[in-house]
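K.L.:
Before we start, here is the structure in question, set down as structure tokens.
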Amino acid sequence: MDTMNLFLHVRKEYFDLIKSGKKTREYRKANDYWLKRLGSGNIERVIICEGYPKKGDTDRILEFPWRGYTLTSVLHKEFGPDPIFSFAIKLER
């Protein structure tokens, strides 16, 4: 089975928090789309991109080894005023 990279595009405010080490999880809504992508079993690395950087713009890209995820309830401004279940993707070196 071929391995793949999981690309996650985030806003600058979250990218900076991840880069500084203050944010160690990236959240995606728990739905069929993300379940299929995260449950494929062949992810090798997580690539965090600030927006959609141009080719060669390595300052806006962070790489992490795949450490899995947990399913959690989260209250997050990006997901609305109510808590939702989400996949908390681990961003650990």
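All of the numbers you see were taken from the coordinates with simple rules; none came from a lab. As the structure is a prediction and not an experimental result, all values here were calculated from the model. Cβ coordinates were reconstructed from backbone atoms using ideal geometry, including for glycine residues, and neighbour counts include every protein chain displayed.
K.L.:
Hey, rough spin-label estimate for THR58 and ASN5, points 7 angstrom out along Cα→Cβ, what's it come to in nanometres?
P.N.:
Rounded to a tenth, the inter-label distance reads 1.2 nm.
K.L.:
So if I place +1 on the C-beta of Lys and Arg and -1 on the C-beta of Asp and Glu, and nothing else carries charge, what would the dipole magnitude of segment 4-90 be about its Cα centre? I want it in debye, nearest 20.
P.N.:
Numbers: 17 positive and 11 negative charges, 14 e Å.
With only Lys, Arg, Asp and Glu charged at Cβ, the dipole is about 60 debye.
K.L.:
Another question about this same structure. Which net charge results when you count Lys and Arg as +1 and Asp and Glu as -1 among the other residues whose beta-carbon is under 14 Å from that of LYS36?
P.N.:
Details: positive: ARG28, LYS29, ARG37; negative: ASP32.
After counting each charged neighbour, the total is +2.
K.L.:
To continue, here is another question. How much of the DSSP bridge set in the chain is antiparallel, in percent, rounded to the nearest 5?
P.N.:
Antiparallel bridges: around 70 percent, rounded to the nearest 5.
K.L.:
Ok, one more. For the chain, just list the percent of Cα-Cα distances falling in each 10 Å bin from zero outward, please.
P.N.:
Final binned percentages: 16, 48, 33, 4, 0.
K.L.:
Any idea what the relative contact order of the chain is, in percent, if you count C-alpha pairs under 8 Å spaced at least 6 apart?
P.N.:
35 percent
K.L.:
Also: Once phi is turned into θ = phi - 60°, what whole-Hz ³J(HN,Hα) does the Karplus curve with 6.51, -1.76 and 1.60 give for every residue of segment 79-93, x standing for Gly and Pro?
P.N.:
After applying 6.51 cos²θ - 1.76 cosθ + 1.60, I find 9, x, x, 10, x, 9, 7, 9, 8, 9, 7, 6, 10, 10, 7 Hz.
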